[in-house]
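Just so it is clear, none of the values below were taken in a lab; they were calculated from the coordinates. Being a predicted model, the structure only gives us computed values, none of them experimental. Virtual Cβ from ideal backbone geometry, glycine too; neighbours counted across all protein chains shown.
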Amino acid sequence: MDYIIEMNNICKQFGTLKANDDVTIQVKKGEIHALLGENGAGKSTLMSVLFGLYQPDSGEILIKGEKVLINNPNDANKLGIGMVHQHFKLVEAFTALENIVLGAEDTKYGFLTLDKAREKVLELSKLYKLEVKPDELISDISVGMQQRVEILKMLYRDAEILIFDEPTAVLTPQEIEELMNIIRKFAKEGKSIILITHKLNEIKAVADRCTVLRKGKYIGTVEVSKTSTEKMAEMMVGRKVSFTVDKKPKTPGDVILKVENLTVLNKAKNKELVKHATFEVRAGEIVGLAGIEGNGQTELVHAITGLRPFSEGSIAISGVDVTKDTVRDKYEKGLGHIPEDRQKHGLILDYNLAENLILQSYYLPEFQKHGFLKFDNIYIHAQNLIERFDIRSASGAKSSARSMSGGNQQKAIIAREISRDPKLLIAVQPTRGLDVGAIEYIHKQIIRQRDEDKGVFMVSLELDEIMDVSDRILVMYEGEIVAELDPKQTTINELGLYMSGSKGGKHNEQQ
Amino acid sequence: MNSNETKPKHPLLEKIEPSLIAVACGLLVGLVVMMIFNIQESFAGFFTMLVGAFNQGSRSIGNMFYMATPIILTGLSVGFAFKTGLFNIGAAGQMVIGAYTAIHIGVLWNLPAPLHWIIAILCGTLAGAIWGLIPGVLKALSNVNEVVATIMMNFIGMYLVMYMIKANVLNPLDSRSLNVQSTALLPTWGLDKIFPGSAINIGIIVALLAVVVIHIILNKTTLGYQLKATGYNKEGSTYAGINTKRNIIISMSIAGALAGLAGALYYLKLGNHLTTSSGLLPQGFDGISVALLGLSEPIGALIAGLFLSYIRQGGFYMQLYDFKPEIIDIIISTIIYFSALAVVLQTVFHKQIKKMKEKKRKTPNEEEVSS
């Protein structure tokens, strides 16, 4: 047995939730081992146990055949375990170099000495082609480079076991390709890698073996080269999954949303977050907005829907100018909005489901008379939507929104927005954090809206979603809409080039 | 303390449990403090405190209602603002402004009986509303923190009222406001027959009405729906198209009105005067305690206000046993501390109880227990 890591029969419970229920994972030295599972399957919990962030309720961990106790991340570091978290753990106001040495600093007479560290970092960076600028502040460098800083942090501590938690979520296709090469190189050098992901194509591309978790339970470990993607998906979800989105061709009709020259400034009013955006959405088409997180998509949507002021430009819904309208006016003129953050914007978590389903319409005669709410109608309305959209919750219309699962919260929002029969539906990351079943369902609903001649504007970070669902794709880079593409005639690769700014846009024309 | 775990609890019990724990812990600490000061008489004193409010039968109960009136209303004021996401620390200022307005009308205007006190109450309420509206507007329009603004309004109100007393309604003999005319005094509507010898008047009935009205506003109306939504989640309300700025202003005005009403009711009473030297009104700050203990619910404010008044009455009689009535304020403060900690305490208790139970059951069949 030459396993470098063995986690045997790990159990970890939070309250009544069994996050890990008798999970076993065994990683060989020098292999790339994928950990596959949907959101909430227990991948992150398992790795947090290995990294010393949680203590298992039962089960044992063996490193190089020896039983170990990992009480905190420092213990993990000493055992040669390093982890790149999904949300980077970097100090924004420090330089890249300072972040790399943080917690393992060299000192002389109590003073910090960085010379040796700089040498080592530069050496590592050259060896693995991990390009970083050691003296730039974290807040000034790109997300891709921040990730490289995180990787160097592990290497600087001589980690032998590298854990990557969803490392590709923030990267462009080209950056993903680079990262995969780096990971392959690590494996060749004899380091062992655990790759946490729910993206099957990435596993297919780099991993040697793959362990699948579902709802906290261990499902199995397979050789990636001998297993089809469909098989792995089935293990992950527990049933057969269709990857294709059914969509009939349709000719777009009238202009539903017209945005002209829209510019959004940041709070200090010295930076344009959205630069002169101009585009249209027509009836019966789905326009997808692609882009890496933080390139102005959120601000664009907030400006259109009225959640944020903008400095320039105009917006019209079905030919009616709504530039100066309040949020409520926009809803009344036919806007439906599935917001990016369902807990912050989409729901009042302390209200129950029925109350949440009238969030924009409580003041209409259907639900109130002389200022008094008509609770009978409110609950009938909720019951209708619950049945029509199959919203599941512990106590039906009276369940508090907080107690509902993410998928059902999202279903509730979609039910509310669609039931208001909007002309324009803006959906921002409608499937974020949802399991495959819910994603299928939500895509169907969005496509049905298009088939009913509504205009749909969908913002997503998932390129597959953009490619599969959209009829037309816009790409945003640094606040600018840099491309308009036809999903049938473009590739994910081309999309990636636009998303990373290496193709299209004003800054390239000037060069 | 008061936790009976095994059966699923009644939702109401679960809700008020933290308050009950807080009260129990507060009383316990009070007892310990009393034992430190005077161990021989501590139990007798403690007992008197608990039942003292019934010492003189219906007279004591009447006084309890009378003393509870202003703090129920200030508690309602703070709790209402809190339900809508705002900290109203300005009940003292709103109350004093309401009180002065009522006294001013009561002393200087000449009107027939029912009209006089009704107008005095209405104007006092309105003045309180204006005193709440100002920080509300500041918050809504330029995001001035309402805690700071309402505290400042407390002092502005206090000094303004001192000045106005001196300028308009001063009784130079004892540097306080003049007696209001008899037409402006609150009637008793026979309550003094039920509670003979007590200071009770219809103030308590008005306070009860206010509790009911606020309860209905919060739970049955579109206004309450909007206000609570804004309090629970401001971003979510903005998304819903609710005018959150207007709601902040409305909410602070209603909170101010309730505190202003408290002031008007309390001072339209023979023998109650605003002085030119007193500080901030204590009832304003009691409102914070009442709201905390009453979980910001209107009904909660009613119960907590009565409780505080009840225990104060008892504390008064503790002087029979060589205890200063200030000990009551120590106990009340402790209760408030515990009610801030109550949720933490609750989880600690529950964990302990669960642990003990698990130990007991561990042996027979572990897996079934944990499922």
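Assorted remarks:
- Semi-axis lengths (Å, descending) of the ellipsoid that matches the C-alpha gyration tensor of region A:3-237: 30, 21, 16
- Nearest 10 degrees, 0 to 90: helix B:244-267 Cα axis against chain B principal axis: 70 degrees
- Between the beta carbons of A:K116 and A:Q383, assuming R0 = 60 Å, the FRET efficiency works out to 0.30 to the nearest 0.05.
- Rounded to the nearest whole angstrom, the semi-axes of the ellipsoid equivalent to the protein assembly as shown, taken from the Cα gyration tensor as √(5λ), stand at 59, 36, 27, largest first.
- For the pair B:V33 and A:A394, label points projected 7 Å from Cα toward Cβ lie 3.8 nm apart.
- Charge dipole of region A:3-237 about the Cα centre (unit charges at C-beta), most positive-ward option of A:A159, A:V143, A:T95: A:A159
- Set A:K29/A:K64; A:K133/A:K153; A:K269/B:K234; A:K64/A:K217; A:K12/A:K43; A:K217/B:K351 screened for pairs whose C-alpha atoms are more than 20 Å apart: A:K269/B:K234; A:K64/A:K217; A:K217/B:K351
- Spatial extent of chain B: Rg and Dmax, with the Cα atoms as the point set, Å: 22.8, 83
- Counting Cβ atoms of other protein chains within 10 Å of each Cβ in A:338-350 and taking the mean gives 4.
- Per-residue HN-Hα couplings for region A:221-232 [Karplus 6.51, -1.76, 1.60; θ = phi - 60°; Hz; x = Gly/Pro]: 10, 10, 7, 5, 5, 9, 10, 7, 4, 4, 5, 5
- Distance-filtered residues of region B:260-287 - backbone nitrogen under 18 Å, label point 7 angstrom along B:Q56 Cα→Cβ: B:270-272
- Rounded to the nearest 10 degrees, the inclination of helix B:11-37 to the longest alpha-carbon principal axis of chain B is 80 degrees.
- When both bridge partners sit in region A:3-237, DSSP labels roughly 60% of those beta bridges antiparallel.
- Residue mean of other protein chain beta carbons inside 10 Å, A:363-373: 3
- Charge sum, other residues only, whose C-beta stays under 10 Å from A:G479's C-beta, Lys/Arg counted +1 and Asp/Glu -1: -2
- DSSP beta bridges in the protein assembly as shown [antiparallel fraction, %, rounded to 5]: 60 percent
- Taking every alpha-carbon pair within region B:13-73, the share separated by more than 13 Å comes to 72 percent.
- Region A:340-421 - convex hull of alpha carbons, volume per residue in Å³: 87 Å³
- Cα-Cα pairs of region A:242-324 separated by more than 17 Å (percent): 53 percent
- Förster-model FRET efficiency, 22 Å R0, A:V245 and B:E235, C-beta, rounded to 0.05: 0.10
- Highest-MSF residue in chain B out of B:P196, B:P18, B:P70 [GNM, Cα springs under 10 Å]: B:P196
- The charge dipole of chain A, taken about its Cα centre with unit charges on the Cβ of Lys, Arg, Asp and Glu (plus for the first two, minus for the last two), comes to roughly 800 debye.
- Two-site FRET efficiency, A:D2 against B:L13, from Cβ-Cβ distance with R₀ of 56 Å, rounded to 0.05: 0.45
- Under 13 Å from the A:D421 label point (7 Å along Cα→beta-carbon), backbone N, region A:326-344: A:334
- Cα convex hull volume per residue for chain A (Å³): 181 Å³
- Modelled spin-label separation between A:K133 and A:T278, with each label point placed 7 Å from Cα along the Cα-to-Cβ direction: 3.3 nm.
- Angle between chain A longest axis and helix A:143-156 axis [Cα atoms, degrees, rounded to 10]: 20 degrees
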